[in-house]
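Q: Here you go, one structure.
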């Protein structure tokens, strides 16, 4: 019975001192208020009352910097909000730094982010702040990295949630953007119309050049045809037949004229008279 009274307290103390550390955490064991050893994932036993274990989360966490009013360089109040993603490094020195070098690192990160945002955006105009979000994120991330080196913290990334101007300023900006878009649309429409007009102009020039060339070729063809007819007439038609062929050529050339002028050649006059039923006069001897 005496052994039972001794074993029960020992079992109770043993069970009381059991600690299990999950893979998502690391432990710091203190003995009588002083750092004693580092506890990784798995089973650990501490001396009750004498030892204490503090668990530290090493997974990625997010804190909201909370919305705040910031005066920009052009004296406008912008409502700014951001998020910071961070985690405690898993090595022993980093875990110790997160507990012994800073008090409540989450709260400290929030305040540091808010102060940094005021310093960055205060040097920018509202327009440039909206257009340079990437640069603001980079500057905020770099500053937080530098300031938290001794905390055992890794700043994973920072994200600006919003940079909202006052309502009246936002309405004015929307009108300006709308006017710029309408201006760009008008310029594009004018350019398109100019392009169409240039195309139509070139088409008409090509058409006129084609018509001109066709008329030249047609005239050259007619001139060549007349030359060939004259050569054939001189070669194959003799006497009145030759004169008749000339009259046919003259008739074809002058068919649309109201008046016909006949050369003063005697043979041509006689032929015309015979065709009209007039007897030619004999030449005086």
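Q: For a protection proxy built on the mean count of beta-carbon atoms within 10 angstrom, sort 201-210, 86-95, 99-108 highest first, please.
A: The packing order, highest mean first, is 86-95, 99-108, 201-210.
Q: To continue, here is another question. Given q = 0.28 Å⁻¹, what are the Debye log10 I(q)/I(0) values for the range 2-57, with equal point scatterers placed on the Cα positions and solvent ignored?
A: For the range 2-57 at q = 0.28 Å⁻¹, log10 I(q)/I(0) is -1.06.
Q: Assign one of three labels to the range 61-165, namely rounded, prolate or oblate, based on the Cα gyration tensor with a ≥ b ≥ c the square roots of its eigenvalues; rounded applies when a/c is under 1.5, prolate when it is not and a/b is larger than b/c, and oblate otherwise.
A: Values: a/c = 2.68, a/b = 2.43, b/c = 1.10.
Verdict is prolate for the range 61-165.
Q: While we're on this one: Could you give me the radius of gyration and the Dmax of the range 12-105, taking only the C-alpha atoms into account and expressing both in angstrom?
A: 19.4, 69
Q: When only C-alpha pairs under 8 Å and at least 6 residues apart count, what is the relative contact order of the range 2-57, in percent?
A: 37
Rule-based calculations on the coordinates, nothing more; no lab input. The shown structure was predicted, so the numbers you read here are calculated from the model rather than taken from an experiment. When we count neighbours, we look across all protein chains shown, and the Cβ atoms used for this are built from the backbone with ideal geometry, even at glycine.
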